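Read-outs throughout are calculated quantities, based only on the coordinates presented, and are distinct from any laboratory measurement. This structure is a prediction, so every number in the text was calculated from the model and none was measured. Heads up, the Cβs are rebuilt from the backbone with ideal geometry, glycines too, and the neighbour counts pull from every protein chain shown.
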Amino acid sequence: MRLFLQLIVLIAVGFSVTTACSKKKEPSPGLVGKWKEIQVTGGIAGQVIDISNSVILQLNADSSYSLHISDTLTLSGVYHLSKDTAFGGSPITLIAFVVNSNPIEWKTLNLQNGFMTITDHLDDGYASTYKKLPD
């Protein structure tokens, strides 16, 4: 009986490891590069926030990132991507940025025609829109 339980645990651990590894999502080629923040909208009033500083987000193929505000490195670390399903069943891509080993909350990522939008998961959350810079 003990051998049977050990075998079950071994199979369960092996299954967990293989499925966890297969969930890692590689960045799409369109995601990698430099992105300039061009607009922030949201909040309770649905306001548009003035972008007075130059904000550049660099996303790399090795899942590292750096955030520069007015040409000063402000944050760096790694990012993670994941697939999920939105309310209503449509597929969405999620992104989380890790700062000092602590992941910042998952946010919705949308890439379209050279623009990227990263959106909070709150009704009164914010959406940051970026334009891809040439290589």
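This ranking places THR85, THR108 by how few other beta-carbon atoms lie within 10 Å of each, fewest first, which gives THR85, THR108. Sorting HIS121, HIS68 by the number of Cβ atoms found within 10 Å of their own Cβ, with the fewest placed first, yields HIS121, HIS68. Note on LYS34: aspartates and glutamates with a C-alpha under 18 Å away, same-chain residues under 8 apart excluded, are GLU26, ASP62, ASP71, ASP135. Sequence-ordered 3J(HN,Hα) estimates for segment 89-98 from the Karplus curve with 6.51, -1.76 and 1.60 and θ = phi - 60° stand at x, 7, x, 9, 10, 10, 9, 9, 9, 9 Hz, glycine and proline given as x.
As a proxy for reagent exposure, ranking ASP123, ASP84 by other Cβ atoms within 10 Å from fewest up yields ASP123, ASP84.
Here is the list for segment 57-128: chymotrypsin sites (Phe, Trp or Tyr not before Pro) lying in DSSP coil, each with at most 13 other C-beta atoms within 10 angstrom of its C-beta, are PHE87. What the phi angles of segment 125-135 give under the Karplus curve with 6.51, -1.76 and 1.60, with θ = phi - 60°, is a coupling list of x, 10, 10, 9, 10, 10, 10, 6, 8, x, 5 Hz, glycine and proline written as x.
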